[in-house]
Amino acid sequence: MNVLQQSWRMLARDWRAGELRLLLVAVALAVAALSSVGFFADRMSKALSSQARALLGADAVLNSDVPVGQEFRAAAKQAGLTIADTVVFPSMVGATGPKAREVAPQLSSLKAVSTGYPLRGNLKVSDKVGELGAETREIPAPGTVWLDPALLSMLNASIGDSVELGELQLQITKLITMEPDRGANFVNFAPRALINLQDLERSRLVQAGSRVGYRVLLSGDLVKVDAFVAAQKVGSGQRFEDLRGGRPELRNTLDRAERFLSLVALLSALIAATAIALAARRFAERHLDGCAVMRAIGLPQGQMARLLLLELVWIAIGAAVVGVVIGYAAHYVLISAVGSLLTIALPQPSFAPAIQAALAGLVLLLGFAGLPVVRLAGVAPIRVLRRDLGAPGQLAWVSGGVAFVAVMALMIWFAGDLKLASIALGGFVIAALVFALVAWGLMRLVASAGRASKGRGLAMLRVVLAGWSKRGVTSIAQMVALAVSLMALLLLTVTRNDLLDSWRKASPPNAPNRFVINIQPDQRDGVAEALKKAGLAVNGTSDLAPMVRARLIRINGQEINLELFNERAKRMLDREFNVSYMTEQPAHNSTIEGRWINPNAAEVSVEEGMAATLNLKVNDDLAFDIAGETTLLKVVGFRKVVWDSMKVNFFMVASPKPMLTAPQTFVTALHVPADKRQVVDQLVRTFPNLTVFDTDNILKQVQTVLDQISRAVEFLFGFTLLAGLLVLYAAQSAGQQERQRETALMRALGASRQQLTRSLSAELLLTGGLAGLMAGIGAVAVGVVLARTIFEFNMSISLWPIVVGVVAGATAALLAGWWGLRKIVQTPPMISLRME
């Protein structure tokens, strides 16, 4: 026998008989869900990789706290690299035009650039407010300045007017609409003013002690650039910027979004895998007779196994083609959902996501259907005469183990996150085992209740319970499959809303959008009173957090040796950073190890990320240099900080007692509505030394990400819903043949159609309701764990998923089940019995 040709004949026969459609649709849905996210992520990754250097404005950037020496420049030129310079620092800008004289000077992020800037990417400038602007390779000419449109408006100025920068008067000639290398440092929250580097020295803005960022941009052959960067030993306060840090202010939110999308796609595939398992079981049951006949005419068991495996492979290939086509079309919907986030052109995706999703479909099919189908090869030929003989038995744990390994491998492969894969899959595996135990216990209880029930009025109940408990293994499998799929659906519907609400609460629309810094101790009460009168602060001076500039000099008595730390730790230790003090822990902080500080002791609480970077442990002794004085503090705990809350946060918070006499300033974060912006302007006029940072744009971007990712998740949920409906249909179809025989016998013994209809409906409602109850409890539990461990926010426990689960499970099981079972009741019993 030609195995390849025969497998094709078997495939064609089963397709005509309608035996493959359920399997094909289940695999195609899994492939479509995974490939749609894969195509989307691939295009984003390729676009960001190609544009990453433009985000830096160069191929590599040396960032320095002090001017970079000529030796570095000479070495770069000798290596064949091109150089450009930028200098960035905050500075007040005042307009000189007739309309602007009443406007106070405004804080700007001043940037001085040399010829050639940017080395990668382009500036966009315009001549009128509201225009998108055109790309340019020029920079401001000496004596001129380019402004952000927002800064032009704040100064009440127009193009052609002049502004004062230090000792210079510069003419406004252009508006900046796009700056490729603008990062998200605190200084860059302020609107930009761009000048020629030649004007910087004449402005006399940079003095001794000024906090200025110097950047040397490098470009050239990428191999030469990488070799040059690797060969350089940077000095104190210097570092080469990482290409991956293009948009750090959105990194946390986008990382969450990527994990959320991956979770939706993986859960869709998991539900589809449940449908595959149920469809494979039905496929195997309906092929027992055909396989027995083929064995009886002499087909060896090994050749039979190869035929069945080949048929599964053809199914996987056909489903992969259909699924990839659907996924490719669907990924355009994902792109349109987050379209406003994309400021760069997206190249066409590679074939990698299609191949990956197709392989995933094959793995799911073989993992969940391989053993149930291949074991048909061992059916005894005598079954042709003895219909009571079934396929050879198999150990349930072997089949379950193969399926678990297949899904776990796919989850790690697609999510790229072992923790996410472990929690998601582990939660569903544990839930499935618990569901199976609960279903088994219910079967035993139901069997006892059915025997104990007496009376004519309970006859129908006995029939329902007897039929439900008689099909023990089948009923348990149906209930577990329904519960697992409903659990995933609930996790992405009711619980999804709780997740997204909690996510939004981490960065609510009324989050602080202004930071006021450099508040002097003698100004503290005056600033607090002004903000309180304006309705922007309600807790008096408690809203103003102290900031003490400190440098860590010793850990456990050992002097800091920078060579023992990684680059990130070196950057932290090689400069002063802000230490605050307070008596109570902020609401958006939580202690994860150790305890909160004692206000009357000499203690410090450290943010978990900094603790990991500096290899700190609870009870370590830290020595700080504060204005020439040494202050000793003991580490008593580590904190988790919600950074995207946009509130005032600190890496280190100390006890008040040792810090009260240290030189300090104060900082506060405010939510300033649009109709109260003049309050902040008046505050700056009253206290000219204050610096106000506007974070409105950052907040808007974070909220935009949340809204658009929500739409993307809702779209992907369509795949999940289809997979769930498929599971419902497959679950009810699994025992259809057995129900058909039982119904025919009952009809022959005198049961009416109405009685059978009520009996089957009651059984469906019972199965769906119990499955929904278990699914709701499981969805709440898994949702809370995912929220706290993966998405890093607290989610309140709600009982709605349980209520919705019971109602949805019972309703869906009745509708899907009755669609498949209505023919059984309507078919005359003689026909059904003859079919046996």
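The values are calculated or read from the model by the stated rules, or taken from the named source; none is laboratory data. These figures come from a predicted structure and were not determined experimentally. All Cβ positions, even for glycine, are placed from backbone atoms using ideal geometry, and neighbour counts span all protein chains on display. Keep in mind that these areas ignore ligands, DNA and RNA; they rest on the heavy atoms of the full protein, side chains included. Shrake-Rupley method; radii C 1.70, N 1.55, O 1.52, S 1.80 Å.
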Listed by range, strands (runs of 3 or more DSSP E) wholly within segment 588-682 having at least 1 residues that are β-branched (V, I, T) and surrounded by fewer than 17 Cβ atoms within 10 Å (Cβ to Cβ) are 589-594, 629-641
Here is a check on your reading of the model: is A292 farther than 13 Å from Q6 by Cα and within 42 Å of the chain's Cα centre (by Cα)?
no
Answer yes or no: is there a residue in segment 688-708 that is open to solvent by 10 Å² or more (accessible area, probe 1.4 Å), assigned to a loop (DSSP other than H, G, I, E, B) and modelled with pLDDT of 80 or more.
no
When you check A316 against the structure, is it open to solvent by less than 10 Å² (accessible area, probe 1.4 Å) and either of a type in the set (A, V, I, L, M) or in contact (Cβ under 8 Å) with a residue 12 or more places away in the chain (or both), yes or no?
yes
What is the residue count in segment 192-205 for residues that are farther than 18 Å from V216 by Cβ and either in a helix (DSSP H, G or I) or at pLDDT below 80 (or both)?
3
Residues that are surrounded by fewer than 18 Cβ atoms within 10 Å (Cβ to Cβ) and within 19 Å of T661 (Cα to Cα): does segment 549-556 have at least one?
yes
Note on segment 128-149: residues at pLDDT 90 or above and not β-branched (V, I, T) are E138, P140, A141, P142, G143, W146, L147
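Per-residue answers, yes or no, for (1) charged (D, E, K, R); (2) at pLDDT 90 or above:
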residue	(1), (2)
M572	no, no
T591	no, yes
I597	no, yes
A612	no, no
D621	yes, yes
A627	no, no
If I filter segment 653-660 for residues that are in contact with a strand residue (DSSP E or B) (Cβ under 7 Å, 6 or more places away or on another chain) and over 13 Å from Y581 (Cβ atoms), do I get at least one hit?
no
Subset tally (residues that are modelled with pLDDT of 70 or more and either outside any helix (DSSP H, G or I) or open to solvent by 50 Å² or more (accessible area, probe 1.4 Å) (or both)) for segment 363-396
8
Any chance A762 is open to solvent by less than 60 Å² (accessible area, probe 1.4 Å) and either more than 14 Å from L490 (Cβ to Cβ) or at pLDDT 80 or above (or both):
yes
Of the listed residues (A104, A54), the one being small (G, A, S), in a helix (DSSP H, G or I) and modelled with pLDDT under 85 is A54
Is it the case that segment 157-164 has a residue that's of a type in the set (A, V, I, L, M) and either without any contact (Cβ under 8 Å) to a residue 40 or more places away in the chain or within 20 Å of V212 (Cα to Cα) (or both)?
yes
Which condition number in (1) within 30 Å of L81 (Cα to Cα); (2) at pLDDT below 85; (3) open to solvent by less than 50 Å² (accessible area, probe 1.4 Å) is the one that N185 fails?
(3)
Just a yes or no: is a residue in segment 155-172 modelled with pLDDT under 80 and either over 22 Å from L690 (Cβ atoms) or among the polar types (S, T, N, Q) (or both)?
no
